[in-house]
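*Asks:* This is the structure I want to talk about, given as structure tokens.
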Amino acid sequence: MRDTLEKYLPERAVGLSIALIKEHGVHLKIVDQRVTRHGDYRRMPNGAHQITVNATLNKYSFLITLIHEIAHLVAFEKYGRRIKPHGLEWKKTFQYLMLPFLRPEIFPTALLPLLANHFRNPKASSDTDARLSLALKHYDPGDNEAIYVFQLPHNSIFRIYNGKLFQKKNKRIKRYECVELATGKMYLFQPNAEVELIKD
């Protein structure tokens, strides 16, 4: 297990992660990228705990996702299956489990203030924290010439991962209103949603 996790996690996080995996009886599967989610937790029919994490995540996003999913398992075991998946019990559990990892030996110094702010009230996905999400993307492999919704001019047309076309409209408090061209329906996009610019 150590050899595998060393490919996906920051070096100083491997031992702590293995200890959590063993303590909670996690069957970890590293899977091909899924656009709609970074990872998930599932209790299998035989009672086993399966966690999947996308192989394409950078090592810091992989670590956050792994602990996020272990927090689901621990919160359900401690508080029962009727709690909200991302409710108060999960948030407290995620904060507690993540605390030993929030150190400069594990995360780059530039990320630590953003992580500290995020973990005051963790969200269902780190992607909904635009500042943290954009900072984490700097550590993605490759040239990372991504374009984000917040960078696009007003009324520009863009394509998302599934091929659908949208036109950017007004900004609400945090998110952007965008009209799907095929249907005329209005959708809200996070500012850090990755898109392909078609026409500005």
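Where a number appears in this text, it was derived from the coordinates with a stated rule and is not lab data. Everything numeric here is computed off the predicted structure, so don't read it as measured data. When we count neighbours, we look across all protein chains shown, and the Cβ atoms used for this are built from the backbone with ideal geometry, even at glycine.
*Asks:* For the chain, what is the calculated [θ] at 222 nm in deg cm²/dmol (nearest 500), taking -39500 (n - 2.57) for each run of four or more DSSP H residues and dividing by its residue count?
*Replies:* Estimated from H runs of four or more residues: -9500 deg cm²/dmol.
*Asks:* Sticking with this one: Taking the Cα centre as origin and putting +1 on Lys and Arg beta-carbons and -1 on Asp and Glu beta-carbons, what dipole magnitude results for the range 2-137, to the nearest 20 debye?
*Replies:* Working: 21 positive and 12 negative charges, 80 e Å.
Roughly 380 debye for the range 2-137.
*Asks:* What is the helix-to-structure angle for 88-98, meaning the angle in degrees between its Cα long axis and the longest Cα principal axis of the chain, kept from 0 to 90 and rounded to the nearest 10?
*Replies:* For 88-98 against the chain, the angle is about 70 degrees.
*Asks:* Now, a different point. Between LYS123 and LYS29, what length comes free when the chain is fully extended (0.36 nm per residue of separation minus the Cα-Cα distance, one decimal in nm)?
*Replies:* Details: separation 94, 0.36 × 94 = 33.84 nm, distance 2.32 nm.
Taking 0.36 nm per residue and subtracting the Cα distance, the gain is 31.5 nm.
*Asks:* Let me ask something else about it. Quote the FRET efficiency, to the nearest 0.05, computed for ARG2 versus LYS169 with a Förster distance R0 of 45 Å and r equal to the Cβ-Cβ distance.
*Replies:* 0.35
*Asks:* Need the C-alpha centroid separation for the range 162-176 versus the range 178-200, integer Å.
*Replies:* 4 Å
*Asks:* Another question about this same structure. Within straight cross-link reach of LYS169, meaning Cα distance under 17 Å, which lysines are found once same-chain residues fewer than 8 apart are removed?
*Replies:* Within reach: LYS185, LYS199.
*Asks:* Per the Kirkwood definition applied to all pairs of different Cα atoms, how many angstroms is the hydrodynamic radius of the range 92-200?
*Replies:* 15.6 Å
*Asks:* Please list, or write none, the lysines whose alpha carbon is within less than 30 Å of the alpha carbon of LYS29, excluding same-chain residues fewer than 8 places away.
*Replies:* In chain and number order, the partners are LYS7, LYS59, LYS78, LYS84, LYS91, LYS92, LYS123, LYS137.
*Asks:* With each pseudo-label sitting 7 Å past Cα toward Cβ, what's the ASN162-LYS137 distance in nm, one decimal?
*Replies:* 2.0 nm
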